[in-house]
Amino acid sequence: MRSSGKIHPAETNSEFSLIGKIIILLLLLQTVCLAQAPPLGTTSTFALFTSIGAIDNVGTTNIAGDMGTDAGAITGFPPGIVIGQVSVSDAATAQAAVDVEAAYNFITTVICDSVIGNVLGNNQTLTPNVYCIGTASTLNNTLILDGLGNSAALFVFKIDGALTTGAFANIVFINSASRGNVYWQINGLFSLGDHSVFGGTILANGAISLLDSSTLDGRGLSRAGAILLSNNLVLGCCGGSTLPVELLSFTAACENQIAVLKWTTVTETNNNFFTIERSLDAVRWENIGTIDAAGNSNTMKSYSFSDEEPFDEVSYYRLKQTDFDGMYSYKHIVTFESCGKNQEELTFYPNPSTGEINLLFKGDQNEFVSLSVFNSFGEEVYRSVKYQQEINLSEKNEGIYFLHLHLVSGDITKTVVIRNQ
């Protein structure tokens with residue numbers, strides 16, 4: 001029997017229901033497409049970068065990743081240590097400035113999923129989303145980011161103003177949430193409170209200030225603003241991949257005026273070679289040799305390298321590991337006093353020290369002229385024109401200091417680390 005051609009109500013509802021589902025699905029897909037991670041370009045290797053502004057450090061800050069400014073100076077390294085490249089107003093920073101601007105502008109175009117209040121934390125839990133805050137904001141106590149079991153879960157925060165955290169603030173990642181998938185666009189300055197731990201990539205339109213003993217578990221990138229550091233830990237980004245080399249130890253010793261470097265790996269994957277780099281100030285590095293690696297190994301491997309021309313004063317050494325694909329990463333930095341001809345004439349202990357230091361000069365005391373102590377900024381903080389076996393620096397700030405023994409025949413330089421406890 002031929003159909004009458006009429007559309008029954010049940011069929012109409014079914015078709016409209018299907019069309020509605022398709023529309024909703026398309027809207028959801030559009031939202032997913034909009035909520036994409038910003039393209040970081042060359043800034044992906046930077047732990048800290050500013051397009052315009054100085055980078056200034058006080059104390060024993062450690063940075064894992066590259067650091068640079070395209071317009072400004074970098075001070076305070078040492079005593080700060082950078083495991084990565086340090087760049088100032090060069091081709092790398094010029095490109096990074098372009099890439100930071102592009103990433104910031106990309107987030108500006110992303111549509112908000114949720115508008116929230118300007119007070120974050122206090123055990124607040126947020127799930128993957130694009131969050132917008134219309135004014136300057138604060139973060140106190142604990143903010144929990146829940147990935148809902150999705151390792152690719154993306155969190156984007158668009159803050160139209162400054163962001164300040166209180167002391168001991170913390171961001172906790174649960175259920176597969178990752179710092180590598182968290183982005184903070186801050187239209188103003190960012191200030192991380194004392195002893196706080198903050199996670200993700202910061203794209204700021206202002207200064208970045210990491211207060212005393214705080215940790216940035218990610219990147220700090222600014223379009224324009226100084227970066228201020230104080231005894232911090234900056235871990236760069238991003239986690240989740242298997243390290244090509246698991247390093248057990250890296251040591252340096254002076255043997256007959258030769259610096260002998262030794263390191264041991266537990267496992268190696270796709271490891272082509274090691275490069276040994278040397279520096280006077282832990283900022284400017286030179287390549288002094290390469291050692292072929294094991295490639296792939298699940299057993300302990302030992303390596304060594306001898307520097308027959310170490311610096312007369314303090315020496316810094318670091319390892320650069322390069323795999324067969326050309327990718328590379330930096331390992332630990334080691335430092336020790338001069339390997340020069342006079343090094344055995346002056347010994348001291350303990351090191352590190354709380355400030356009370358015992359000295360033993362094995363040479364002719366008639367050669368003694370003076371003993372000076374300089375901080376990492378080159379300022380003389382102690383001086384004596386009379387030889388003595390003990391000096392007290394316990395009132396000085398924590399950090400790296402340089403003992404200069406001035407003799408008639410020449411100078412001897414030693415490095416001592418002062419820790420308050």
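Annotations for the structure displayed:
- Net charge of neighbours whose Cβ lies under 14 Å from the Cβ of Asn57, counting Lys and Arg as +1 and Asp and Glu as -1: -4
- Radius 9 Å from Cβ of Ser87, net charge of other residues (Lys, Arg +1; Asp, Glu -1): -3
- Working note: Karplus 6.51/-1.76/1.60 with θ = phi - 60° gives the range 111-124 the couplings 6, 6, 8, 8, 9, 10, x, 8, 10, 9, x, 6, 6, 6 Hz, where Gly and Pro are set to x.
- About its Cα centre, the range 41-234 has a charge dipole of approximately 180 debye under the convention of +1 per Lys or Arg Cβ and -1 per Asp or Glu Cβ, with nothing else charged.
- About the Cα centre, charge dipole magnitude for the range 343-418 (Lys/Arg +1, Asp/Glu -1 at Cβ), debye: 40
- Using R0 = 45 Å, the C-beta based FRET efficiency linking Phe324 and Arg419 works out to 0.65.
- Whole-angstrom Cα spans of the range 363-413 along principal axes, big to small: 32, 19, 14
- For the range 49-71, backbone nitrogen atoms closer than 16 Å to the point 7 Å from Leu247 Cα along Cα-to-C-beta are found at 62-66.
- Per-residue ³J(HN,Hα) for the range 214-227, Karplus 6.51 cos²θ - 1.76 cosθ + 1.60, θ = phi - 60°, Hz, x for Gly and Pro: 8, 10, 9, 8, x, 10, x, 10, 10, 6, 6, x, 5, 10
- Cross-link pairs beyond the 32 Å C-alpha cut-off, checked among Lys320/Lys414; Lys158/Lys396; Lys158/Lys320; Lys301/Lys396: Lys158/Lys396; Lys158/Lys320; Lys301/Lys396
- Centre separation in Å (Cα based) which lies between the range 96-111 and the range 246-295: 38
- Derived value for the range 245-336: Kirkwood hydrodynamic radius 13.4 Å. Basis is the mean of 1/r over every pair of different alpha-carbon atoms.
- Rh (Kirkwood; distinct C-alpha pairs) - the range 41-234, Å: 16.4
- Calculated FRET value between Leu126 and Asn366, using beta carbons and R₀ = 51 Å, to 0.05: 0.10
Bear in mind these aren't lab numbers, they're just calculated from the coordinates by the rules spelled out. Predicted model, so just to flag it, every value in this text is computed and none were measured. Ideal geometry is used to build each Cβ from the backbone, glycine not excepted, and the neighbour counts take in all protein chains shown.
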